[in-house]
Each structure stands twice: as C-alpha cells, then as structure tokens.
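Working notes, structure below.
The values are calculated or read from the model by the stated rules, or taken from the named source; none is laboratory data. A quick note: this is a predicted structure, and the numbers were derived from the prediction, not measured. With ideal geometry, Cβ positions are generated from the backbone for all residues, glycine too; neighbour counts draw on all protein chains shown. Calculation scope for accessible area: heavy atoms of the full protein, side chains included, ligands and nucleic acids excluded. Shrake-Rupley method; radii C 1.70, N 1.55, O 1.52, S 1.80 Å.
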Amino acid sequence: MSDNEQALDMQDSSSLVTWSKLLGCSLFGVLFFLTPLYVEGSWTIALGILTGKISDWLGDSMGIFTSGCFVLAAVVSVIYNVSPKHMAQKLPMSDRLIASHWVWVVVNVSAAIFAVMTVMQVGPQWLISDQTGVTAYVDVAGAVFLLVGLGCLLLPFLTDYGLLEFVGTMLQRPFQKLFNLPGRATIDTIASWVGSSSIAVVLTNAQYERGYYSARESSVIATNFSVVSVPFVLLTANVAGIGDYFLQLYGTMFLICTLCAVITPRLPPLSWIKDEYYPAHGKTLNEDVDDGESRIKHAVARAVGVAEKAPSPKQSLARGWHSMMDIYLMMMPAAMTIELFTLALYYNTEVFQTLTYPISMLLDVMNIPEASAAAPGVVLGLFDQFVPTIIAGELTSSITKFVLAGLSVTQLIFFAESAILIMRSSIPLSVKHLILIFIIRTIIALPILTVIAHLLF
C-alpha cells in the first residue's frame, strides 16, 4: 500500500471516529437529558427514570445511603484540610476538595453528625423530625444525590461532542437579539426545563471554565436560565394543592422567567459584571457566520471540529466523576444544613412570621388571602425552593396557593442548592449578588402572579 493510500485510510478512520463521537455521544446525551418520556401517566426523562429506579431499590435504606455520603464528606474534608498543605495538595482532586474556608469543614462535620442523628432518631425533635431532619438529610438529599450525581457523571456526553456548537450556531441570532447571549445558552435552558436547574448550573459553569461564556454571560445564564424542570413544576402544583392548574402555573412560570431574563441582566448587579473570560482558557467561542455562508454548514463544521478534539467517552466519564464528587463532598453538606435550619426555624419558632410582618401587610393590600401565614413563604424561597410550596399546601385559599407555588418556581435563587452550586463554581457571583437578584426576581414575579391568580380564581 502506498503512502497516499495509508494516509487516506487513516483520514477515513479518523473521520469515522469523529462522526461516531459527534452523533453517538451527543445522541446519548440528548436521549438521557433532553427527551421527554411519558411513563405511568406522567412526563419525565431518562435521568428521572433511572434515579427513580435507584431510589425504589434503596427504599428504606435511603437514609443509610445519604448519611453515609455525609460522613464520607466529613472524613474527606478533615483529611484534606487538616493535613499539611504540601501533603494535601498531592491528594486526588485536591483542587476541588481543599476547602476555601474553614467554615466549610465545620459545616461538613456538622452535617455528618446531624444526618446520623436523624437516621438513628437520636436527639431533639426539632432536629430529627419528619418535617426537619428527615426532609433535609434523607428525602431531599436522596433525590439531589441521585439526580445531580448521575447528571454530573453523564453531562459531558451532552456538552463535549459538538452538540452545543451546532445548536448555538443555529440559534445565535434570536438569543442574541432577545437576551444578548450566545446561541448555545439555549441548551442550558432546555436541560433545565426538562431536567434539573442544578444540572443547568453545572453545565453553565463547565462552559464558562472552557471559555464559551464570559463572566457576564455565565452569571446571567446561571441566575435566569437555570429554571426549574417540568416534573418539579408538576410536583409543586400537586403539593400546593392546585394540581388541576398545572398548565396555568407552568405558563405563568414561562412568562415570568422570560421577563426576568430580559429585565434582570439590564439591572445591577448583573449589569456590573464584565464580559471577561475565564483566565485559564480565554474566549474560545465564535458563533459568527460570514455573510453568504450557509449557517447549517457552518454549524456542522464547528460541531465536527469540536468532536475531533473531544476526549474519549472514558475520559469524559472521569471528568464527570470529579464533578460528581465535588458536589457530593463539598456542596451537599452545606445545602442540606441550610435547609434543616430553615425548616426548624419555620416549624418551631415565630421568627419568620415576625420578620415578614411588613410583607403580610403588602399581601393584604394586594388582596391575597391568609396574608400573615403566606408572608414567610415570600422570603423563605431564598433558603430553600420547596418551603413556599410546603407552606402553600397548608393554606386554604387557591389564590394564595397559586402565588406561593409560582414564587417557588420563579425565584430560582435558593441557598439549599442552586446558590451553593453557583458559589462553589467559578462563576463570579457573591452572596450579596445572589440576594439582590432574588429580590429583583421576586419584585417582578409577585404582582404578575397575583394578577393571574385573581383572574383564575
């Protein structure tokens, strides 16, 4: 065989591998994360089905699984942060597991102790009850461990093989015109709408670190486009007691989230953030299409270019595993401890009722029934997304139920999960920034929800 023939064979082989990665890996990512499936009377995705199967398999052992994860997080945190720095830096994943502040170590150890006490049902009732410790360290933690963990593990199949480049190039113009964002941001939105907002935050951070989003773009996307999933909206409607109005709730969420995505980035603090790129990579995204060039051909060419340089599936799984361990061992203890104390204060004290008295007066002016009981739900979404829904389920007014359920799915910033994920990421948003964005989104959402609730009921 001549040298030219050998070169052609190698080129054909390389082309086959490239297209296999582009089509095969991307197709797996789409099927697993983005394809709605109608199973047993409800819509879900493959990720939801798999996590549901694992949850059913664990059954009553879920508490053992979650508490084991929290204990492991505490042990790892102590080892990595008590060891001499020169030794700790040689340990696996030291860049992710060495805490940025000693408070993280304290929180991890506390979470392990609280989780074990809850599972063993040893300790004060305010800590270990079904409404507090069991909800935080078993029920919610189990769902997040499975959903986010598996999502992080397999997310590279959606992001690393050219799909985002193709979608981004095709949808560049409408996204730039409406939101001043790259077209590839659409995939974040799709991933959250049918999957999980936490998965979308992880995806956004990965794209920022690789130079596909600027600091401003990643901040806008993480706080405005990482919306709650379709299954979560349905769950919210059912728990709040307005399951028959799921479609109205979802439509309202879509309207409010779109308005927030247009308005919020044009106000501080998001408008203050510069279009600077992650230092390690710089800008690597270019979705511009030359005049006269076919957009679809250009999109395919970019996708193929990424697939050529993409890692093997085994390498992608390794990278996903590192992301999963970061969330398991460093994010979850803090997130669930925040949820625990939020629920404990709400169910065992009058603190939030007292602090939100001015809000109850505002709700009275807006003609929202049961204003004093509903007022804490307006602000408690900052700590945990599901608390407003739990409060709504205990009320009798359909108007108030709709308003609180709507806030639960439109405020988006909550420290029991999404805010902690953002703070653990490279996205340049501080606690102050996140609180201000939460306030702005609430100011936009509350009057719209009130008007629609009064029209419906």
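Within segment 252-278, residues that are touching a residue at least 60 places away in the same chain (Cβ under 8 Å) have Cβ atoms under 7 Å from residues that are among the basic types (Lys, Arg) and crowded, with 21+ Cβ neighbours inside 10 Å in these pairs: 260/441; 264/441, counting only partners at least 6 apart in sequence or on another chain. Can you tell me which residue among 376, 388 is without any contact (Cβ under 8 Å) to a residue 24 or more places away in the chain, closer than 29 Å to residue 141 by Cα and not in a loop (DSSP other than H, G, I, E, B)? Result of the check over 376, 388: 388.
Quick check: anything in segment 115-129 under 30 Å from residue 46 (Cβ atoms) and assigned to a loop (DSSP other than H, G, I, E, B)? No, segment 115-129 has no match at all.
Condition check: farther than 30 Å from residue 98 by Cβ and open to solvent by less than 40 Å² (accessible area, probe 1.4 Å). Does residue 396 satisfy that? No, not satisfied.
Comparison of 136, 143 shows that the only residue that is surrounded by 15 or more Cβ atoms within 10 Å (Cβ to Cβ), part of a helix (DSSP H, G or I) and at pLDDT 85 or above is 136. The C-beta contact set for segment 164-179 (first residue within 19 Å of residue 259 (Cα to Cα), second residue of a type in the set (S, T, N, Q), distance under 7 angstrom, 6+ apart or interchain) comprises 175/186. Among the residues making up segment 419-449, those that are in a helix (DSSP H, G or I) and out of contact with any helix residue (DSSP H, G or I) (no Cβ under 6 Å at 6 or more places or on another chain) are 423, 431, 432, 433, 435, 436, 438, 439, 442, 443, 446, 447. Restricting 333, 311, 358 to those that are touching a residue at least 40 places away in the same chain (Cβ under 8 Å), surrounded by fewer than 16 Cβ atoms within 10 Å (Cβ to Cβ) and either touching a strand residue (DSSP E or B) at 6+ places or on another chain (Cβ under 8 Å) or not hydroxyl-bearing (Ser, Thr, Tyr) (or both) reduces the list to 311.
Determine whether residue 110 is at pLDDT 90 or above, open to solvent by less than 60 Å² (accessible area, probe 1.4 Å) and either under 30 Å from residue 49 (Cα atoms) or not polar (S, T, N, Q) (or both). In short, no.
Helices (runs of 4 or more DSSP H) fully within segment 42-99 that include at least 3 residues being aliphatic (A, V, I, L, M) and touching a residue at least 24 places away in the same chain (Cβ under 8 Å): 46-58, 62-82.
Is it the case that segment 370-377 has a residue that's charged (D, E, K, R), in contact with a Leu (Cβ under 9 Å, 6 or more places away or on another chain), at pLDDT 90 or above and open to solvent by less than 20 Å² (accessible area, probe 1.4 Å)? There is no residue in segment 370-377 that is charged (D, E, K, R), in contact with a Leu (Cβ under 9 Å, 6 or more places away or on another chain), at pLDDT 90 or above and open to solvent by less than 20 Å² (accessible area, probe 1.4 Å).
Contact annotation: residue pairs with Cβ atoms under 6 Å, 6 or more positions apart or on different chains, pairing a residue in segment 411-427 that is of a type in the set (Asp, Glu) with a partner that is at pLDDT below 90 and in a helix (DSSP H, G or I), are 417/198; 417/335.
Meeting the requirement of 3 or more residues that are farther than 15 Å from residue 182 by Cβ and at pLDDT 80 or above, the helices (runs of 4 or more DSSP H) wholly within segment 204-307 are 230-240, 246-263. The numbered conditions (1) under 28 Å from residue 385 (Cα atoms); (2) in contact with a helix residue (DSSP H, G or I) (Cβ under 7 Å, 6 or more places away or on another chain) are all true for residue 163 except (1).
The rows are residues; the columns are (1) under 14 Å from residue 147 (Cα atoms); (2) buried (at least 21 other Cβ atoms within 10 Å of the Cβ); (3) not aromatic (Phe, Trp, Tyr).
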{"residue": "26", "(1), (2), (3)": "no, yes, yes"}
{"residue": "35", "(1), (2), (3)": "no, no, yes"}
{"residue": "40", "(1), (2), (3)": "no, no, yes"}
{"residue": "49", "(1), (2), (3)": "yes, no, yes"}
{"residue": "53", "(1), (2), (3)": "yes, no, yes"}
{"residue": "59", "(1), (2), (3)": "no, no, yes"}
{"residue": "64", "(1), (2), (3)": "no, no, yes"}
{"residue": "68", "(1), (2), (3)": "no, no, yes"}
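Taken as a whole, the structure places residue 182 among residues that are in a loop (DSSP other than H, G, I, E, B), under 21 Å from the mean Cα position of the chain (by Cα) and modelled with pLDDT under 90.
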